[in-house]
Every structure is written in structure tokens, then in C-alpha cells.
Amino acid sequence: MPTDVVVAMAEQPHLSPTDWVREQTERILEQGTTDGVVVYDRPVVLFTTTGAKSGKQRYVPLMRVQDGGKYAMIASKGGDPQHPSWYHNVKAHPAVTVQDGDTVATMTAREVDGAEREHWWTLAVHAYPPYAEYQAKTDRLIPVFVVG
């Protein structure tokens, strides 16, 4: 691994430049838990990813979609035609940290397809119904990662 990536990995993770995402993450960090941090009254999980090019750690709060001790990361970006930047980070570096409540674990993400994707997509839409609207807004199939 290049030295600059090792150095970047040792640094404090970076907050999102998007105001509401940054504020949500700061609340989680201040509280030490994701409990009580919600979007549209739905709970979130805080993921930490590694930058695909920079190697920098980045916080990514996402809707809580869980099944059997595993989590889903839904790369919706609100139905935007482009994947969120974190999608490329997870593809390049599938080791992610997951914080759910005050429990933190390092897990591995993998993009899923077919019947497995459909199972997780159904869980995701149940956990956060706007995902269905996001899929309708875009021509791309919204990627789903299973983290466990």
C-alpha cells in the first residue's frame, strides 16, 4: 500500500461537504451513538469508508436497513443519474466500519444483484419508502451493497 494511503487512513475521517449530512454526522459523533438521529423519523447507521483515490476515511450516514446481523448500503443519491461518491470508495475498498447505536464493527461490503438484491431492495423500501421514488426518478439501477 502506498505510504500516502497509510498516512491518510490514520487521520480522522472526513465529514461530508453537504450541510445536512455533516450536521447529522456531527450529532452522531457528539452523542457517541446513532440512537435518536433520524431522517423522516427513520433511524440511520454511520458507515466509514475509505476514499478510492485519496485513501482518506469518510463518514457516510445512511438509512438503517438490517437483516440477520448484516446491513445494506443503498447508493440512491436521491435518484440522481450518478452514483454517490461513496459508491466508488466502497467498490475500491470494501472494508467499512459500521456504527449502529453505540456498537461499532468493521465489516466487508459487497455489491449484490439478482434475487439477493431484490430481497435487500424490498427491505430497504420498507425501511425508507422514498427509495422507491428515487428508483423511479433515475434510469440507473440503484446499487445495493450487503455489509456483514
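The values are calculated or read from the model by the stated rules, or taken from the named source; none is laboratory data. Just so we're clear, the structure is a prediction, and the values are computed from it rather than from any experiment. So basically every Cβ, Gly included, is an ideal-geometry build from the backbone, and we count neighbours across all protein chains shown. Note: areas computed on protein heavy atoms with side chains; ligands, DNA, RNA excluded. Shrake-Rupley method; radii C 1.70, N 1.55, O 1.52, S 1.80 Å.
What does the convex hull of the Cα atoms come to per residue for the chain, in Å³?
Dividing the Cα hull volume of the chain by its residues yields 111 Å³.
Provide the gained length on full extension for the span residue 102 to residue 80, in nm with one decimal, where the gain is 0.36 nm per separating residue minus the Cα-Cα distance.
Additional length available on full extension: 4.8 nm.
Leaving out same-chain residues fewer than 8 places away, which lysines sit with a Cα under 21 Å from that of residue 56?
77, 91
Explain nothing, just the number: dipole magnitude of the chain about its Cα centre with +1 on each Lys and Arg Cβ and -1 on each Asp and Glu Cβ, in debye rounded to the nearest 20.
340 debye
Counting heavy atoms of the protein chains only and a 1.4 Å probe, report the per residue accessible area for the chain as a whole number of Å².
54 Å²
Pop the C-beta distance of residue 22 and residue 139 into the FRET formula with R0 = 30 Å and round what comes out to the nearest 0.05.
0.55
Could you name the aspartates and glutamates whose alpha carbon sits less than 14 Å from that of residue 53, not counting residues in the same chain fewer than 8 places away?
4
With a sphere of radius 12 Å drawn around the Cβ of residue 60, what net charge do the other residues whose Cβ falls strictly inside it have (Lys, Arg +1; Asp, Glu -1)?
+3
Considering only protein heavy atoms and a probe of 1.4 Å, how much of the accessible area of the range 1-134 is carbon and sulfur, as a whole percent?
52 percent
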